[in-house]
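Asker: What follows is a single structure, and I will ask about it in a moment.
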Amino acid sequence: MQVEETAAKISSMQIRGALHIAVAAAKALEQLIVDGATYEELVEAGDILRDARPSAMSLPNAINYILHLAQMHSVDDPIVARPLLLGDVANFIIQLESTIGRISELGASLIEDGDVLLTICNSTTVVEVMKKANSQGKRFKVYACETRPRFQGHITAKELVDAGVDVALIVDSAAYHTMLHKGVRKAFVGADTVYSNGDVINKIGTSQVAVSAKHAGIEFIVCTETLKFFPHSMESGEVVIEERDGKEVADIPRVGVFNPAFDVTKAEYISRMVTEEGIISAQEVNALIQKKFAWALK
Ligand code: RUB
């Protein structure tokens, strides 16, 4: 797929979810390398892809890592370096796609027979965790927030029901009520960006679920690949919270709409994080950044 086409599909959310957009961007850059792009052309392509969606750190991290590999291998020396670079890029994509397997094993260990769970949006990572627990013979119920305004919760519900999981949709504003009255024990959510202090950006409404979970005394669990960690969050601070077209919410003459696509959940609300490196606390993110992002922190 061409770079512009991939970027357009990411912006329009035909390709969505932090993991999928990172993999799509990596594959677009891989194709450019196959086609003989110079380092400058890769940088330009990286800029186009990076701008496609601003709130998911997996996207710039994947792009920056491939540019780092290209620099290491000096992509402008095609005969010697290009095959080596392509091998490393292919390896990176395989590893990225396989992290979800490790996370689903670890995450499934947190789900017990008879559990009642709640989730928001459509996180491939969370869905895989639940599917894994189901395949281990555990029987549990999932309440899926519908996730206004784009209804990604419908995708989650469909994926879970297709896998044989007992799932019910709820409107987003029913989350706290459902926790209190339907015996919810754990909330599982995905992540778009994880700051070094353990704060997490995810779909708008996630922070309300987290605050509600704390009040209701239930666990709030974030499932995230470490590719979503923000290596420079100590120095360079903020990630832009994407604001999307108000028409996604309502189209009423003379009525304005504010439509943020993501929000920040503070680390204090997060019980645990499930990563491919293990189950950690939000306070351990910074140490893991030092380990996983040595290439970016130099
Ligand atoms: C998707 C979203 C997901 C994370 C994690 O938002 O917030 O929870 O991206 O997903 P959008 P995954 O629908 O706006 O892209 O686990 O698939 O990476």
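The values are calculated or read from the model by the stated rules, or taken from the named source; none is laboratory data. Bear in mind the structure is a predicted one, so any value in this text is a computation, not a measurement. Heads up, the Cβs are rebuilt from the backbone with ideal geometry, glycines too, and the neighbour counts pull from every protein chain shown. All accessible areas refer to the heavy atoms of the entire protein, side chains included, with ligands and DNA or RNA removed. Shrake-Rupley method; radii C 1.70, N 1.55, O 1.52, S 1.80 Å.
Asker: Starting from the amide H of Asn259, placed 1.01 Å from N in the peptide plane, find each other amide H under 5 Å away whose residue is 5 or more places distant or on another chain.
Answerer: Arg244
Asker: Let me ask something else about it. At 7 Å along the Cα-to-beta-carbon direction for both Glu5 and Ile279, put a label point, then send me their distance in nm to one decimal.
Answerer: Between Glu5 and Ile279, the label points sit 4.3 nm apart.
Asker: Okay, which of segment 39-71 sit inside 13 Å, backbone N to the point 7 Å along the Cα-Cβ direction of Ala81?
Answerer: Taking a point 7 Å out along Cα→Cβ of Ala81, the residues of segment 39-71 whose backbone N falls under 13 Å are 39-43, 67-71.
Asker: Further question on the same structure: Enumerate by residue number the chymotrypsin sites (Phe, Trp or Tyr not before Pro) in segment 233-297 meeting two conditions: DSSP loop (anything except H, G, I, E, B), and at most 12 other Cβ atoms within 10 Å of the site's Cβ.
Answerer: Phe258
Asker: Only loop residues by DSSP count here, and only those with at most 12 other Cβ atoms within 10 Å; note down the trypsin sites (Lys or Arg not before Pro) in segment 209-270 that meet that.
Answerer: Arg254
Asker: Keeping the other protein chains in place, figure out the carbon and sulfur percent of the accessible area of the chain, with a 1.4 Å probe.
Answerer: It is 53 percent, rounded to a whole number.
Asker: Find the accessible area per residue for segment 3-101; the probe is 1.4 Å, ligands and nucleic acids are left out, and the unit is Å². Don't jump to the answer; show the numbers that get you there.
Answerer: Working: 4220 Å² over 99 residues.
Per residue, segment 3-101 has 43 Å² of solvent-accessible surface.
Asker: List the residues whose amide H sits under 5 Å from the amide H of Val142, counting only those 5 or more places along or on another chain, with H placed 1.01 Å from N in the peptide plane.
Answerer: Those lying under 5 Å, H to H, from Val142 are Leu117, Asp166, Val167, Ala168.
Asker: Moving on to the next point. Give a residue-ordered list of calculated ³J(HN,Hα) values for segment 84-99 (Karplus: 6.51 cos²θ - 1.76 cosθ + 1.60, θ = phi - 60°; whole Hz; x for Gly, Pro).
Answerer: 5, 4, 4, x, 5, 5, 4, 4, 4, 5, 4, 4, 4, 6, 8, 4
Asker: Label Ala90 and Arg148 with points 7 Å out from Cα along Cα→Cβ: what is the distance between them in nm?
Answerer: It works out to 4.8 nm between the two label points.
Asker: Taking the alpha-carbon centroid of each part, what is the distance from segment 139-156 to segment 1-52 in angstrom?
Answerer: 28 Å
Asker: Run the reach check for Lys298 against aspartates and glutamates, Cα to Cα strictly under 18 Å, same-chain hits fewer than 8 apart removed. What comes back?
Answerer: Straight-line reach from Lys298, under 18 Å: Glu235.
Asker: Here's another thing I want to ask about it. Hey, can you find the accessible area per residue of segment 232-298 for me, probe 1.4 Å, expressed in square angstrom? Can you show the working numbers first?
Answerer: Working: 4050 Å² over 67 residues.
The answer is 60 Å² per residue.
Asker: Go through segment 215-284 and name the GluC sites (Glu not before Pro) that are in a DSSP coil and have 15 or fewer other Cβ atoms within 10 Å of their Cβ.
Answerer: Of the GluC sites (Glu not before Pro), the ones in loops of segment 215-284 whose Cβ has at most 15 other Cβ atoms within 10 Å are Glu238.
Asker: Mind putting a number on the dipole of segment 102-292 about its Cα centre? Charges go on the C-beta only, +1 for Lys and Arg and -1 for Asp and Glu, and I need it in Debye to the nearest 20.
Answerer: Values: 22 positive and 26 negative charges, 86 e Å.
Roughly 420 debye for segment 102-292.
Asker: OK, next. At 0.36 nm per residue, and after removing the present C-alpha to C-alpha distance, how many nm does the segment from Ile48 to Ala287 gain when stretched out fully? Present the calculation step by step, with values, prior to reporting the outcome.
Answerer: Working: separation 239, 0.36 × 239 = 86.04 nm, distance 3.10 nm.
Going from the current span to full extension adds 82.9 nm.
Asker: Follow-up. Using θ = phi - 60° and the Karplus curve 6.51 cos²θ - 1.76 cosθ + 1.60, what whole-Hz ³J(HN,Hα) does each residue of segment 183-197 get, with Gly and Pro shown as x?
Answerer: So the J values, rounded to whole Hz, are x, 4, 10, 9, 10, 10, 9, x, 8, 9, 8, 10, 6, 5, 8.
Asker: Tell me, what ³J(HN,Hα) does each residue in segment 164-174 have, in order and in whole Hz, if you take phi through Karplus 6.51 cos²θ - 1.76 cosθ + 1.60 with θ = phi - 60° and put x for Gly and Pro?
Answerer: So the Karplus estimates, Gly and Pro as x, are x, 8, 6, 9, 9, 7, 10, 6, 4, 6, 8 Hz.
Asker: Taking amide H positions as placed 1.01 Å from N in the peptide plane, with prolines and chain starts having none, which residues 5 or more places from Thr193, or on another chain, fall under 5 Å of its amide H?
Answerer: So Thr193 has HN proximity to Met57, Ile201.
Asker: Could you pull out which residues in segment 168-208 have an amide N less than 15 Å from a spot 7 Å beyond the Cα of Lys138, following the Cα-Cβ vector?
Answerer: 184-189
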